[in-house]
Amino acid sequence: MFGKWLGGVAAASPEGARFGIHLCLGDMNHRAFGRMKDVGPLVLLTQAIVAAWPAGRTLEFVHAPFAAADDPPATAESFYAPLASLKLPARTRFIAGFAHEDQSLDDQRRVLATIEKLLGRPVDVSSSCGLGRRDAAAARRTLHRTAELCAG
């Protein structure tokens with residue numbers, strides 16, 4: 001239902017309009033409103049949005065949260081397993097929101113490798129939500145971590 005509604009919003013926009021979708025678990029003062037047992041709900045919602053997306057409206061990206069605010073992302077591959085069934089248009093970037101200031105770089109590199117393996121394509125890297133909910137030092141650490149992950 002939400003996917004169709006969102007597709008309707010895009011269809012009602014001027015032809016040539018470009019969109020990006022930021023999925024969210026909710027975040028208040030760097031505390032998540034929800035948590036997932038696995039990424040299945042994100043996959044189902046993303047597939048519903050893609051299925052309802054209108055022609056003539058570019059879906060530039062889908063940003064998916066894999067960390068829950070102050071909780072770092074899961075490291076178990078089983079958490080990410082539903083990503084293997086996610087099908088996005090080739091032109092739609094997938095932004096994996098998992099960069100986190102409180103998890104080791106090695107763990108984060110394993111998370112990135114798992115996500116890319118399951119999707120079968122490279123992904124963009126970001127935090128799960130904006131940095132304004134963190135204090136300045138944590139925000140800087142998250143930006144530094146994102147740069148480390150993007151550098152390889």
Pulled fully out, how much extra length does the chain show between residue 60 and residue 18, if you take 0.36 nm times their separation in residues and subtract their Cα-Cα distance? 14.5 nm
Which residue fluctuates the most in the chain, going by a Gaussian network model with Cα springs under 10 Å, if the choices are 37, 117, 87? 37
Give me the distance in nm between label points sitting 7 Å out from Cα along the Cα-to-Cβ direction at residue 37 and residue 78, one decimal. 1.1
Which of rounded, prolate, oblate describes segment 63-152, given a ≥ b ≥ c as roots of the alpha-carbon gyration tensor eigenvalues and a/c under 1.5 marking rounded, otherwise prolate only if a/b is larger than b/c? prolate
For q values of 0.09, 0.13 Å⁻¹, compute log₁₀ I(q)/I(0) with the Debye formula on a Cα-only model of the chain, without solvent. -0.28, -0.59
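Just so you know, all these numbers are worked out from the coordinates, no wet-lab data involved. Computed from a predicted structure; not experimentally measured. All Cβ positions, even for glycine, are placed from backbone atoms using ideal geometry, and neighbour counts span all protein chains on display.
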